[in-house]
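Everything below concerns the one structure shown next.
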Amino acid sequence: MAFETITVETRGHVGVITLDRPEALNALNAALIVELATAVRRFDDDSGVGSIVIIGSEKAFAAGADIKEMAERTYPQASLDDFMGGDWLAVSRARKPVIAAVSGYALGGGCELAMMCDIILATESARFGLPEITLGVIPGVGGTQRLVRAVGKAKAMEMILSGRFMTAEEAERAGLVSRIIPDAELLDEAVKVGEKIADMSLPAVILAKASVERAFETTLEEGLNYERAVFYSLFATDDQKEGMAAFVEKRQARFRDR
Ligand code: DAK
């Protein structure tokens, strides 16, 4: 499938998806969401890929869902069509780690897309916001739930109720952003992080991600039980033997994802 709204490449063992609608600040229209979901699922299924990077342009990661496309929707249409269905959820359902590399605007659905990713790296120019309230609606694809978990109630409420944007520096301080990266190095650094992850044992990576996600879904006791069960299960992998033997033998581990 040839893509029209994104570009896709593989760098080493990292799948890189670039959102590519510069004329609309990468506004997420239906075509882009379908293509993004297709590319994410493809990388998730590709045994040569260990992690995925999603990046936009210097000016915008994504300025939200496409307002021009959404403007004429009616309530029955929005609810009956399931509003683009499961494709919006593809990133949050990826089993492999997904890194958002954010420069410029990450607004509305763009901010929600970044928050579906597992790690957000950002440049100083990054601006995060959920301005849906200024359009007479509210965030619709995770914003009210994920932002509060990432930055706490006070900041989430202010941003969602007033539409205020957060700078990269504030977002890093608040815990939304993992690190701030110089503009020119954003993609290379994101790929470097992705490559580092891809070098690890994939079963361990997938289960580590699933365990962290559990922390948001369950009680501490249940989460600890889940973590312990996963920890024990990894002793059934060859990669556990290799990882620990490599440490003892003072050499680099070579994981084979089994
Ligand atoms: N949609 C469509 N076009 C957009 C856009 C958007 N979100 N954002 C920017 N553009 C277009 C502009 O219309 C303009 O196009 P032309 O007029 O040149 O044709 C071009 O991109 C450049 O934008 P500006 O001229 O406005 O550029 P500025 O630098 O002056 O301003 C800005 C940049 C990002 C501050 C501004 O463009 C802006 O405020 N954009 C809208 C931000 C926003 O409100 N985003 C939230 C949208 S609501 C769901 C899934 C998703 C969602 C909900 C539910 N389900 C699956 C249930 C998500 C909803 C949203 O994201």
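Read-outs: derived from the displayed coordinates by stated rules, not from any lab. Just so it is clear, the structure is predicted and the values come from calculations on it, not from any experiment.
Looking at the chain, the DSSP beta bridges with both ends there are about 30 percent antiparallel. Our coupling estimate for the stretch 241-254, obtained by passing each phi through the Karplus curve with A = 6.51, B = -1.76, C = 1.60 and θ = phi - 60°, is 4, 5, x, 6, 5, 4, 4, 5, 8, 6, 9, 6, 6, 10 Hz, Gly and Pro reported as x. Here the Karplus relation 6.51 cos²θ - 1.76 cosθ + 1.60, evaluated at θ = phi - 60°, turns the backbone of the stretch 97-112 into coupling constants of x, 10, 10, 8, 10, 10, 10, x, 6, 10, 10, x, x, x, 5, 5 Hz, with x for every Gly and Pro.
Antiparallel beta bridges, as assigned by DSSP with both residues in the stretch 1-63, represent about 55 percent of the total such bridges. What share of Cα pairs, in percent, lie more than 25 angstrom apart in the stretch 146-258? Counting every Cα pair in the stretch 146-258, those more than 25 Å apart make up 47 percent.
Expressed in whole Å with the largest first, what are the equivalent ellipsoid semi-axes of the chain derived from the C-alpha gyration tensor as the square root of 5 times each eigenvalue?
Its equivalent ellipsoid spans semi-axes of 32, 21, 19 Å.
The alpha-carbon atoms of the stretch 196-258, seen along their principal axes, cover 39, 20, 18 angstrom, with the largest extent given first. Counting DSSP beta bridges with both partners in the stretch 1-123, what percentage is antiparallel, nearest 5? So the antiparallel bridges amount to about 25 percent of the total.
Its alpha carbons considered, the stretch 35-130 gives a radius of gyration followed by a Dmax of 14.3, 43 Å. A cut-off of 5 Å between modelled amide H atoms, ignoring neighbours fewer than 5 places along the same chain, links ALA27 with ALA63.
Cross-link pairs exceeding 19 Å between alpha carbons, from the set LYS96/LYS196; LYS59/LYS196; LYS96/LYS209: LYS59/LYS196.
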